[in-house]
Structure formats: structure tokens, C-alpha cells
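Encoded as C-alpha cells, the structure appears first; notes follow it.
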Amino acid sequence: MGKGDEGGTSAAVAAVRKRLGTLKPRVAIVLGSGLGFLADAVADPVRILYSTIPGFPEPGVAGHKGELVAGTLEGVPVLVQAGRFHLYEGHPAEVAGLPARVFAELGVQILIVTNAAGGVRRTFPGGTLMLIADHLNLMWRNPLIGQPQPGEQRFPIMHAPYDPELRALARAVAREAKITMEEGVYAGLLGPSYETPAEVRMLERLGADAVGMSTVPEVLVARSRGVRCLGFSIITNPGAGITGEALSHTEVLAVSEQVARQLAIVLKGILRRIDC
Ligand code: HPA
């Protein structure tokens, strides 16, 4: 897919639209590791396999499925993205951002992104749920490079990338459900190697609270189209050098599933009260 190639986006949009029938999704939810079960909570689901959507590759990471699930969650028409495209798999940033472009074209007003992340702030151990307040793009890639696609701003304003009103709603829902939720800055890195202790110390000094390998491209695309964003990190492990213990991908998946249950409660509470 070339830069400014609306063809790539519109072919994918057409394929998804055909499957939606009369459903008009208002909210899209991108599921990170451990949150796959939320796709099964969608009522009257229409499962759209990536293999049927032009431009959508098959995701390559264990624990990530490759489908969009359309339907309703808590009565809200949604599109759930199960399986995302990471830059570390070799995908260009525009492929990572393609689903967000498709969602915006289909009329989605709100993008909710979730991810698994490492803790950078020393008081964020594994098992912390973090609302994303802001991000650092340390991927040195941007899906908006090239000709702007129709409906996209050339220079998107990023002063409030994660919508303040939606964040306030998320905090209120978590508080009422008695779920502890921290808030902080997500640093997006290319990966796939986890960070070194020196890199974690660097990230701390740069103002990051969590570190991961996703989310940033989607949010950049969404903001360029005026889609409001809300993001959550499930902190599965302290960053390298913080506790002196090594981590494994299996451990990352196991911890994320526990916190994912709490995040699912928060997400459902938000959907019940969301205004879009
Ligand atoms: N670093 C980057 N990405 C991650 C981590 C981490 O420590 N844990 C889960 N995703």
C-alpha cells in the first residue's frame, strides 16, 4: 500500500461495510494481549476475519487473534479489533494504523486502545492498570507520513491525544467499581527486544510511566481524523532493572489476563455511560 493510497483504505472499508449490514459502530476497541475474551462478550457478533479484509495481514504473535468483531457491547454498537499489527513484525506504520483509518471511515467516534506494557514508574509493579494520560512516540515512525488521506489533517494537534472527558469518565467508573487505576505516560518503542535497564532509566527521565510496542500509530491516525481516544495499559511486569528479575512472554500473558478482567469491567462501565 502506497502513501496517500486511499485505495488501500477504501477497499478495506468496503469489505468491512459489506459485513456490517445496518450496524453503525460508534466505538472501536483495540484489544491488547489477554483481552481477547472481550471479543466474545460482543452481542450479535459478526466476525470479520482479517483474511477477508484487503490490506489486513495475519497477526503473527501468539495470544493475538486476527478478526474484527462487530456487534453491541452494553448496548453500544462497536467494532472490536482482536489482533493488531506491530511494527516489530515488520509492518510499516501505515499498516499498524490501517484499522484506525477504517474505523474512522465507518463513522466510529471513539477509539479505545488497550495494551500490555512494562512498568517504568517505580511504584507501578506488574498487575497495575494504567489509564494512558499521554504518550511518547519513540518509534521514530508515523503512519501519517506522505499525502494526507481525505479527512485527515496535515498537522494534527496533539495537545490532548487522550480525551480529557473520557479519561474523567474512566476514572469515575473505576472509582465506583472500586478498581485501582493509575494514570501515566505510555512510551511506544519499536521492539521486539524488551528494554535494557539503561533504556528503562532513560525512559523514566523522559517522563514515561509505562513502555510498550503498540498503540501510538493507531492514536496518531485517529487524532488526525478527529476521533476521540481513550487508552489503557495493563502493566504486566516492572521494566528491566527495576526489580532485578527477568521476564518471559508467557509471564506477560498470564499477568495480563488477571488485570484484563478488571479492565473489562471498566470498559463495560464506560460504554454504559458513554455519550457518542
Ligand atoms: N517492555 C515493552 N513492552 C512490553 C513490556 C515491557 O517490559 N511488557 C509488556 N509489553
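We did not get these values from a lab; they are worked out from the coordinates using the rules stated. No experiment lies behind these values; they were computed from the predicted model shown. Cβ: placed from backbone, ideal geometry, glycine included. Neighbour counts: every protein chain shown.
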For this session: In debye, nearest 20, what is the charge dipole magnitude of region 116-205 about its Cα centre with +1 on Lys and Arg Cβ and -1 on Asp and Glu Cβ, if you could check?
Result: 160
Seminar exercise, completed: Correct semi-axes for the chain, from √(5λ) of the alpha-carbon gyration tensor and rounded to whole Å with the largest first, are 27, 21, 18
Exercise. For the chain, which longest stretch is free of loop sites, where a loop site is one of the trypsin sites (Lys or Arg not before Pro) that DSSP puts outside H, G, I, E and B and that has at most 11 other Cβ atoms within 10 Å?
Worked result: 1-153
Exercise. So what is the calculated 222 nm ellipticity per residue for the chain, using -39500 (n - 2.57) for each DSSP H run with n of 4 or more, over all residues, to the nearest 500 deg cm²/dmol?
Worked result: -10000 deg cm²/dmol
Seminar exercise, completed: Short to long, in 5 Å steps from zero, the percent of alpha-carbon pairs of region 1-126 per bin is 2, 11, 21, 24, 20, 12, 6, 3, 2, 0
Exercise. Which of the GluC sites (Glu not before Pro) found in region 176-276 are in a DSSP loop and have at most 11 neighbouring Cβ atoms, other than their own, within 10 Å?
Worked result: 245
Exercise. Per q in 0.17, 0.18, 0.24, 0.33 1/Å, what log10 I(q)/I(0) does a Debye calculation on the alpha-carbon atoms of region 187-232 return?
Worked result: -0.57, -0.63, -0.88, -1.18
For this session: Can you find, among 137, 91, 113, the residue farthest towards the positive end of the dipole of region 63-174? Put +1 on the C-beta of Lys and Arg, -1 on that of Asp and Glu.
Result: 137
Problem set entry | Overall form of region 115-191 per C-alpha gyration tensor (a/c, 1.5; a/b vs b/c) | oblate
Exercise. With charges set only on the Cβ (+1 for Lys and Arg, -1 for Asp and Glu), what does the dipole of the chain come to about its Cα centre, in debye to the nearest 20?
Worked result: 580
Exercise. Extent of region 57-124 along each principal axis, from alpha carbon coordinates, in Å, largest to smallest?
Worked result: 38, 31, 21
Exercise. Alpha carbon centre of region 179-224 versus region 12-41: separation in Å?
Worked result: 25
Problem set entry | R0 of 30 Å, Cβ-Cβ distance residue 180-residue 159: FRET efficiency to nearest 0.05 | 0.60
Problem set entry | residue 193-residue 88 pseudo-label distance in nm [points 7 Å out on the Cα-to-Cβ vector] | 1.2
Exercise. For region 1-145, what is the percent of antiparallel DSSP beta bridges, rounded to the nearest 5?
Worked result: 55
For this session: Would you mind estimating how fast region 152-205 diffuses translationally, via Stokes-Einstein at 10 °C and 1.306 mPa s with the Kirkwood radius over Cα pairs, in µm²/s?
Result: 109
For this session: Can you give me the P(r) profile for region 167-252? Cα pairs, bins 5 angstrom wide beginning at 0, each as a whole percent.
Result: 3, 12, 19, 21, 19, 14, 10, 2, 0
For this session: Quote to one decimal, in nm, the extra length available between residue 253 and residue 11 on full extension: 0.36 nm per residue of separation minus the C-alpha distance between them.
Result: 83.8 nm
